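The values are calculated or read from the model by the stated rules, or taken from the named source; none is laboratory data. On a predicted model such as this, the values are computed, not experimentally measured, just so you know. Here the Cβ is made from the backbone with ideal geometry for all residues, glycine too, and neighbour counts use every protein chain on show. Surface accessibility is based on the protein's heavy atoms, side chains included, excluding ligands, DNA and RNA. Shrake-Rupley method; radii C 1.70, N 1.55, O 1.52, S 1.80 Å.
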Amino acid sequence: MPELPEVETMRRDLQKVARGTAITDVEVLDEKVVVGEPDVFIEGLVGKMITDFDRRGKVLILRLNDGHALLGHPRMTGRFFGLKST
């Protein structure tokens with residue numbers, strides 16, 4: 001499991017490469033981590049823009065242009081899956 005300095009480095013790196021990018025596609029790999037229906041979750045994210053990255057403890061917070069936020073945790077692997085640039 002990554003320590004706080006590694007998570008902060010991850011946040012800074014993600015902010016450099018993904019701030020200002022639009023979410024074009026979402027794939028739910030584990031339905032247990034989504035509150036509600038996965039299809040509704042996906043519809044709510046596609047088309048939104050990532051405006052900023054924050055961190056609270058080891059939880060990464062992706063701020064979206066509609067005022068909502070997406071929470072993510074690097075889990076035991078220390079990896080943050082799901083962001084691809086094209």
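Determine whether Asp66 is at pLDDT 95 or above, open to solvent by 70 Å² or more (accessible area, probe 1.4 Å) and of a type in the set (Asp, Glu).
no
In the stretch 37-53, what residues are open to solvent by 50 Å² or more (accessible area, probe 1.4 Å) and either polar (S, T, N, Q) or closer than 16 Å to Met10 by Cα (or both)?
Within the stretch 37-53, Thr51 is the sole residue that qualifies.
Report whether or not Gly82 is modelled with pLDDT under 90 and under 14 Å from the mean Cα position of the chain (by Cα).
When the stated conditions are applied, Gly82 passes them.
Can you tell me how many residues in the stretch 16-59 are under 15 Å from Gly72 (Cα atoms), modelled with pLDDT under 95 and in contact with a strand residue (DSSP E or B) (Cβ under 6 Å, 6 or more places away or on another chain)?
Selection size over the stretch 16-59: 2.
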